[in-house]
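Let me begin by presenting the structure, written as structure tokens, before commenting on it.
What follows draws every value from the coordinates through simple rules; no lab data is involved. In this text, all values refer to a predicted model and were calculated from it rather than measured experimentally. For neighbour counting, all protein chains shown are included, and Cβ atoms are generated from backbone atoms with ideal geometry for every residue, glycine included.
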Amino acid sequence: MSDLPAAVSPGNTSYGDENPSQEPQSEGRPQARKTAPTGFRIPRYYQILKHNIGGTGSLGAGDLFYQNFEGLNNRLARLNGREFINFCSYNYLDLCGDPRVATAAQAAIEKYGTSVSASRIVSGERPIHLELEAAIADFVGTEAAIVFVGGFSTNEDTIAHLMGEGDVIFHDEYIHKSAQLGAAMSGAKAVSFPHNDLDALEKSLQTHREQGKNALVVVEGVYSMDGDIPDLPKLIELKRRYQTLLMVDEAHSIGVLGKTGRGLAEHFDIDPDEVDIWMGTLSKSFASCGGYIAGNAELIEYLRYTAPGFVYSVGLAPPMAAAALKALQLTQEEPQRVSQLHSRVLLFHTLAREAGINIGEANEASAVLPVIIGQSDVTIALSRTLMDKGILALPIGYPAVSKSKSRIRFFISCSHTDDDIRSAVEVISNEISGSQ
């Protein structure tokens with residue numbers, strides 16, 4: 001017997017009106033319905049999801065996820081006392097675990113505590129917040145920046161707040177879920193265009209732009225499933241022609257793209273002011289947690305006083321702010337981290353293509369590399385083989401990607417060695433060749 005209440009038991013998928021309980025029929029009295037059960041009832045789709053991922057071996061990949069790793073999430077991962085070469089970390093610049101970043105976080109705890117215990121608009125603001133925001137704006141190349149407590153909520157809240165009913169949002173079909181939800185919450189008309197197809201975007205702009213008082217185009221700097229990047233010069237040309245705002249989500253491109261890691265604008269050698277809204281996260285290259293919006297001072301001031309996810313949220317925890325600030329400083333003081341990352345990324349690209357491995361349209365500057373296998377069961381089997389050989393890289397399948405494009409994603413760090421990358425490519429090449 002399950003310990004869960006009947007209403008939340010996985011086996012209970014009924015909804016009140018489908019099989020209503022009935023009082024015994026009494027003569028002269030209308031039939032009465034019992035009170036509907038209260039509490040959350042598990043949606044049916046989850047039963048299907050649970051079945052699909054619950055198996056092991058060729059039947060599913062459920063046991064590959066939520067594994068309880070030990071220690072730092074850097075070049076090496078430790079699980080049950082065993083060490084793996086880790087290609088599942090977004091620790092691109094190897095700053096999470098750097099003792100100087102940890103020391104900065106510890107000093108912030110000593111000075112400010114573990115929480116600012118209030119929203120910043122009332123009593124939660126501390127100097128460390130303003131220092132971090134000024135450093136982000138300087139690094140990105142904008143007038144100002146604002147830091148939110150979560151990367152997901154940064155996208156969701158900013159888009160939902162800036163756009164509204166009577167507006168229109170154009171977004172890449174592969175845009176992150178946080179941006180999709182922000183668009184849905186805004187009340188604006190949302191128009192999706194085929195991935196990285198800017199000709200299709202222009203047709204959508206021609207068709208739908210006049211339907212919105214305000215318009216926003218949202219893309220990513222590096223797409224986390226495919227490792228490709230958008231054509232920023234063309235996007236800027238379109239935004240000017242059709243009078244839209246342009247927003248770039250740099251979660252996987254800040255700290256990675258460009259000679260010094262300043263992102264997509266530096267990669268294309270374009271003035272950052274050409275983009276209206278730069279979004280980024282602090283949890284990847286910058287060894288912390290949270291997200292930011294960078295742009296002109298007027299936009300940032302407006303968000304500071306009106307964005308619900310900022311005004312009504314506690315301020316970023318001091319150790320998180322201090323860690324991000326120190327990581328950002330080290331990125332600039334030690335440019336070899338970015339150049340070494342670029343070297344490792346190029347090596348993986350070169351070896352993979354020489355071996356005939358399908359890495360799709362991944363850009364040679366991107367630290368995200370998909371190894372596209374196709375069939376889900378073959379992809380899962382390859383992931384298990386890699387683990388058997390001491391390499392951690394996990395499978396991604398439907399619905400995150402289409403059913404015919406299951407893949408294993410590799411996230412490259414500046415701390416990976418040439419031998420790490422050669423070993424991974426060799427195992428993949430041998431397994432693919434052996435299965436053909």
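If the chain linking Gln106 and Asp197 were pulled fully straight, counting 0.36 nm for each residue of separation and taking away their Cα-Cα distance, it would gain 28.2 nm. Could you tell me which of the pairs Lys259/Lys326; Lys213/Lys239; Lys284/Lys389 are separated by over 22 angstrom between their Cα atoms in the structure shown? In this structure, Lys284/Lys389 exceed 22 Å between Cα atoms.
Across the range 250-262, rounded Karplus estimates of 3J(HN,Hα) from the backbone phi angles (6.51 cos²θ - 1.76 cosθ + 1.60, θ = phi - 60°) give 9, 3, 10, 10, 6, x, 10, 7, x, 4, 10, x, 7 Hz, Gly and Pro being marked x.
Highest-first packing order for the peptide set 64-70, 141-147, 294-300 is 141-147, 294-300, 64-70, based on the mean count of other beta carbon atoms within 10 Å.
Quick one: net charge of Ser413's neighbours, Cβ under 10 Å, K/R +1, D/E -1? All intermediate terms of the calculation are to be shown ahead of the outcome.
Details: positive: Arg75, Arg337, Arg344; negative: Asp94, Asp420.
That works out to +1.
Amide H contacts of Glu220: Asp249, each under 5 Å away and 5 or more positions distant or on a separate chain (H built 1.01 Å from N in the peptide plane; Pro and chain starts excluded).
I'd like to compare 245-253, 211-219: which one has the highest average count of other Cβ atoms within 10 Å, and what's the full order after that? Each step should come with its number before you reach the end.
Details: 245-253: 26.0, 211-219: 20.9.
Ranked by mean Cβ neighbours within 10 Å, highest first: 245-253, 211-219.
Over the range 99-333, Cα pairs under 8 Å with separation of 6+ residues give a relative contact order of 31 percent. Going Cα to Cα from Lys403, which aspartates and glutamates come in below 12 Å? Please leave out same-chain ones fewer than 8 positions away. Reachable aspartates and glutamates: Asp377. A simple rule links phi to the HN-Hα coupling: the Karplus curve 6.51 cos²θ - 1.76 cosθ + 1.60 with θ = phi - 60°, which for the range 317-330 gives 4, x, x, 5, 5, 5, 4, 5, 4, 5, 4, 5, 5, 5 Hz, with x for Gly and Pro. Gain on full extension, evaluated as 0.36 nm per residue between Glu165 and His208 minus their Cα-Cα distance, stands at 14.1 nm. Once the Cβ-Cβ distance of Thr350 and Asp269 is raised to the sixth power relative to R0 = 30 Å, the FRET efficiency obtained is 0.80. Using a simple spin-label model with pseudo-atoms 7 Å out from Cα toward Cβ, Ser117 and Asp138 lie 3.1 nm apart. When shorter helices are ignored and each DSSP H run of at least 4 residues is given -39500 (n - 2.57), the per-residue value for the chain at 222 nm works out to -12000 deg cm²/dmol.
In this rough spin-label picture, where each label sits 7 Å from Cα along the Cβ direction, the Phe65-Glu298 distance is 4.4 nm.
Each pair of Cα atoms in the chain enters the Kirkwood radius, and Stokes-Einstein at 10 °C and 1.306 mPa s then converts it into a translational diffusion coefficient of 67 µm²/s. Peptide packing: for 166-175, 337-346, the average count of neighbouring Cβ atoms within 10 Å per residue gives the ranking 166-175, 337-346, highest mean first.
Converting phi to 3J(HN,Hα) with the Karplus coefficients 6.51, -1.76 and 1.60 and the offset θ = phi - 60°, the range 342-355 yields 4, 5, 5, 4, 4, 4, 4, 4, 4, 5, 5, 5, 4, 7 Hz in sequence order, with x at every glycine or proline.
Using only side-chain charges placed at the Cβ, +1 for Lys and Arg and -1 for Asp and Glu, the dipole size of the chain relative to its Cα centre rounds to 1100 debye.
For the range 124-140, the residues whose amide N sits under 19 Å from a probe point set 7 Å from the Cα of Gln329 along the beta carbon direction are 126-140.
Using a/c under 1.5 as the rounded threshold, could you call the range 99-333 rounded, prolate or oblate? The axes a ≥ b ≥ c are square roots of the C-alpha gyration tensor eigenvalues, and prolate needs a/b larger than b/c, oblate otherwise. Walk me through the numbers on the way to the answer.
Numbers: a/c = 2.23, a/b = 1.54, b/c = 1.44.
It is prolate, given that a/c is not under 1.5 and a/b is the larger ratio.
Spin-label model, Asn358 to Arg82: label points 7 Å out along the Cα-to-beta-carbon direction sit 2.8 nm apart.
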